[in-house]
Amino acid sequence: MKILITGGAGFIGSHVVRLFVNKYPDYTIYNLDKLTYAGNLANLKDIEDKPNYKFVKGDIVDAEFINKLFKAEQFNAVIHLAAESHVDRSITNPLEFVYTNVIGTVNLLNAAKELYKAEGSTFKRFYHVSTDEVYGSLGETGMFTETTAYDPHSPYSASKASSDHFVRAYHDTYKMPCVISNCSNNYGPYHFPEKLIPLCINNIKHNKSLPIYGKGENVRDWLFVEDHARAIDVIFHNSKDGTTYNIGGHNEWTNIDVIRLLCRIMDKKLNRTEGSNEKLITFVTDRAGHDLRYAIDSTKLQNDLGWKPSLQFEEGLERTVDWYLQNEEWLNNVTSGEYQKYYNVQYTR
Ligand code: NAD
Ligand code: TYD
């Protein structure tokens, strides 16, 4: 099996690449990544020399490049994670999200279709990794299921919703072997420190203020990133074509409670007086169109394929804090921009 994983130098993609490279020595894993600000090859240092791993630098928006790559390598499957992923950036620059998330996805679908439709095709699966944000915002009660109607509110979620629709359209129209999963908020090692949890870990470390949007009452359903990667493995290998699975941790927290817990964990880890980190919390102007609540019902995945989250949030958050404190160099390189020296890596066959 030659599997193309897109966005493998990013947060979740790097965990998926690591899992597949280590667990499946007989597969060849190609990691295609443009290395935008969110891509960092240091995320994959531990597996970069493995014989079944190859890195390809490239842009999924470049159709000619993508078509050539698929023709040359004759992949058997695609796991597509490459995306612009930060809601706040999508509010400032929506078009970038349309290019990568929508056009990039359609370019990959077109290239995969050529392989799938060829005589004697060995192309088996197009797996599209998506988000629960496509479902919009919940009130105080209820959960997103796989049949919840799409109702995206941010340019990010609108672009992901659009890409999901294209993937389903290619399954229905061209009979492509597509599957989709929609996952809740991830946290864990290698998370880029513009997102809530790693941003606050970094700020607490440096005694800087912790910016909480609005009143901190928005609710997110947090899942440890390695549990997401495990779910992707299970779905990739065992689901039926045309299926959608929701992935989530049954783990709802208001933002303010997440940050209070983080402050308490880091009081201990940094030997600071109990309550001192909480003083860094600062309420700032709310995000435009800020979704109130996300909550995922992942019963279908648990019943069909036996997946369930492995970690309690408190334990996962403590592991995450430990990782950031032990990987100071990674964090410093990311916050200083030093990691971008990797940008010059080129694809060689
Ligand atoms: P990320 O921003 O950390 O990583 C994205 C990766 O894609 C980066 O390595 C970047 O260099 C690459 N990339 C961006 N544009 C590209 C392009 N045009 N061509 C090739 N590569 C490109 O994102 P993430 O948080 O790891 O999310 C990965 C996927 O999972 C995304 O599709 C996202 O929508 C989805 N998702 C994320 C979460 C979450 O909580 N982070 C939850 C559910 C689903
Ligand atoms: P984020 O990590 O950006 O993920 P998403 O928007 O995809 O859910 O944000 C998580 C929650 O934290 C979201 O409700 C917005 C909020 N937030 C803050 O309060 N302050 C911040 O500085 C950031 C980045 C997010």
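The numbers here are math on the coordinates, done by the rules we state, and not lab data. Just so we're clear, the structure is a prediction, and the values are computed from it rather than from any experiment. A quick note on method: Cβ atoms are made from the backbone with ideal geometry, for glycine too, and the neighbour counts reach across all protein chains shown.
Show me the helices (runs of 4 or more DSSP H) found entirely inside the stretch 266-347 where at least 3 residues are surrounded by 12 or more Cβ atoms within 10 Å (Cβ to Cβ) and among the aliphatic types (A, V, I, L, M).
In the stretch 266-347, the matching helices (runs of 4 or more DSSP H) lie at 313-326.
Given the options 187, 213, name the one that is near ligand 2 (Cβ under 10 Å from one of its atoms) and in contact with a Gly (Cβ under 9 Å, 6 or more places away or on another chain).
Just a single option satisfies the conditions, and that option is 187.
Residue check: is residue 180 crowded, with 23+ Cβ neighbours inside 10 Å and not aromatic (Phe, Trp, Tyr)?
It is true that residue 180 is crowded, with 23+ Cβ neighbours inside 10 Å and not aromatic (Phe, Trp, Tyr).
I'd like the full set of residues that are hydroxyl-bearing (Ser, Thr, Tyr), closer than 15 Å to residue 296 by Cβ and buried (at least 21 other Cβ atoms within 10 Å of the Cβ), limited to the stretch 120-176. Reasoning before the result, please.
Just the residues of the stretch 120-176 that are hydroxyl-bearing (Ser, Thr, Tyr), to begin with: 121-122, 127, 130-131, 135, 137, 141, 145, 147-148, 150, 154, 156-157, 159, 162-163, 170, 173-174.
Retained after the next criterion (residues that are closer than 15 Å to residue 296 by Cβ): 130-131, 135, 137, 141, 145, 147-148, 150, 157.
The answer is 130, 131, 135, 157.
Tell me which residues, restricted to the stretch 285-328, are touching a Ser or Thr at 6+ places or on another chain (Cβ under 6 Å) and at positive phi.
Correct list: 289 only.
I'd like to verify a number: residues in the stretch 294-335 that are touching a strand residue (DSSP E or B) at 6+ places or on another chain (Cβ under 7 Å) and among the charged types (D, E, K, R), how many?
2
Here is a list of conditions, (1) of a type outside the set (Gly, Ala, Ser); (2) within 16 Å of ligand 1 (Cβ to nearest atom); (3) in contact with a strand residue (DSSP E or B) (Cβ under 8 Å, 6 or more places away or on another chain), and residue 291 meets all of them except one; can you say which number that is?
(3)
Considering only residues of the stretch 60-83 that are out of contact with any helix residue (DSSP H, G or I) (no Cβ under 9 Å at 6 or more places or on another chain) and of a type in the set (Asp, Glu), which is nearest to residue 104 (Cα to Cα)?
For the stretch 60-83, the residue satisfying everything is 64.
Does residue 29 satisfy the condition of being surrounded by 16 or more Cβ atoms within 10 Å (Cβ to Cβ), more than 10 Å from ligand 1 (Cβ to nearest atom) and under 19 Å from the mean Cα position of the chain (by Cα)?
Considered against the rule, which asks whether it is surrounded by 16 or more Cβ atoms within 10 Å (Cβ to Cβ), more than 10 Å from ligand 1 (Cβ to nearest atom) and under 19 Å from the mean Cα position of the chain (by Cα), residue 29 comes out as yes.
Only one of these is within 11 Å of ligand 1 (Cβ to nearest atom) and over 26 Å from residue 284 (Cβ atoms): 246, 238. Name it.
On inspection, the qualifying residue turns out to be 246.
Write out, first by first residue and then by second, each pair whose Cβ atoms fall under 6 Å of each other, whose residues are 6+ apart or on separate chains, and whose first residue, in the stretch 183-209, is more than 13 Å from ligand 1 (Cβ to nearest atom) while the second is not in a loop (DSSP other than H, G, I, E, B) and not hydrophobic (A, V, I, L, M, F, W, C).
Hits for this filter: 201/324; 204/277; 209/282.
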